[in-house]
Amino acid sequence: MRDGSQSGVKWMIALVRIALGVIFILFGEYKLARPDFAHGGFQKYLAQFLDGNMAVHWYRPFLEKVVVPHATVFGYMFGTGELLVGIALVTGVMVRSAAICGAFMMLNLLFSEWNGVGAGALLWKYFGAQLDHICPLMLMLIFLADSEPKLSLQRFFGRGPRA
């Protein structure tokens, strides 16, 4: 690739990174600003996932035995994680760590609602439900991108030792 086209790709990745970061901030903020999510909302989502048999079969015991009994803690953890991932993506600081953490969070969500569409669903519902896969994919692409992202505040922080 030429330098010009590499620069264009870096700018595009930066814009996607920032847009995704804003989305994470909005979702994290709504979960933390009001206690409704952690104190009832998260439990409601978990009940829908479990009652609707949406969770992946090997992930279901983790949800039932670990997450449900401590749903309030997990609700706050998820909101805090989303907020921190969003801030890192928007600022361009610790982008690779944020991308890995964000992808981990999104994969947990996917495992919780994987079978959400159900058998015999209309075709458009299946594709609409599969949009959840785009976010972890974008986060992995951001992780794999250049270690010094465009539009980043990283330059204001000291650099660690290079390998």
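Of all residue pairs spaced 6 or more apart or on separate chains, those with beta-carbon atoms under 8 Å, a first member in the stretch 47-62 that is under 15 Å from residue 74 (Cβ atoms) and of a type in the set (A, V, I, L, M) and a second member that is at pLDDT 90 or above and not in a loop (DSSP other than H, G, I, E, B) are 50/60; 50/63; 50/64; 50/68; 55/63.
Within the stretch 96-106, the presence of a residue that is β-branched (Val, Ile, Thr) and touching a Ser or Thr at 6+ places or on another chain (Cβ under 9 Å) is excluded. Within the stretch 78-94, if we keep just the residues that are under 13 Å from the mean Cα position of the chain (by Cα) and not small (Gly, Ala, Ser), the residue that is surrounded by the fewest Cβ atoms within 10 Å (Cβ to Cβ) turns out to be 80.
Which of the residues spanning the stretch 68-77 are crowded, with 19+ Cβ neighbours inside 10 Å and over 27 Å from residue 143 (Cβ atoms)?
Going through the stretch 68-77, the residues crowded, with 19+ Cβ neighbours inside 10 Å turn out to be 71, 74-75.
The answer is 71, and nothing else.
Residues in the stretch 37-67 that are part of a loop (DSSP other than H, G, I, E, B) and either at pLDDT below 90 or surrounded by 15 or more Cβ atoms within 10 Å (Cβ to Cβ) (or both): 52, 53, 54, 55, 56, 57, 59.
Regarding residue 20, is this residue farther than 15 Å from residue 152 by Cα and surrounded by 13 or more Cβ atoms within 10 Å (Cβ to Cβ)? Reasoning before the result, please.
Working: farther than 15 Å from residue 152 by Cα: no; surrounded by 13 or more Cβ atoms within 10 Å (Cβ to Cβ): yes.
So residue 20 does not fit the description; no.
Looking at the stretch 32-61, which of its residues are out of contact with any Ser or Thr (no Cβ under 8 Å at 6 or more places or on another chain) and within 24 Å of residue 89 (Cα to Cα)? Within the stretch 32-61, 33, 34, 37 qualify.
Going residue by residue through the stretch 96-108, is there one that turns out to be over 15 Å from the mean Cα position of the chain (by Cα) and farther than 30 Å from residue 53 by Cβ? Within the stretch 96-108, not a single residue is over 15 Å from the mean Cα position of the chain (by Cα) and farther than 30 Å from residue 53 by Cβ. Would you pick out the residues in the stretch 31-44 that are out of contact with any Lys or Arg (no Cβ under 6 Å at 6 or more places or on another chain) and touching a residue at least 40 places away in the same chain (Cβ under 8 Å)? 31, 32, 38, listed by residue number.
The values are calculated or read from the model by the stated rules, or taken from the named source; none is laboratory data. The structure presented is a predicted model; accordingly, all values stated were derived computationally and were not measured. Neighbour counts are summed over all protein chains in view; Cβ atoms, including those assigned to glycine, are modelled from backbone coordinates with ideal geometry.
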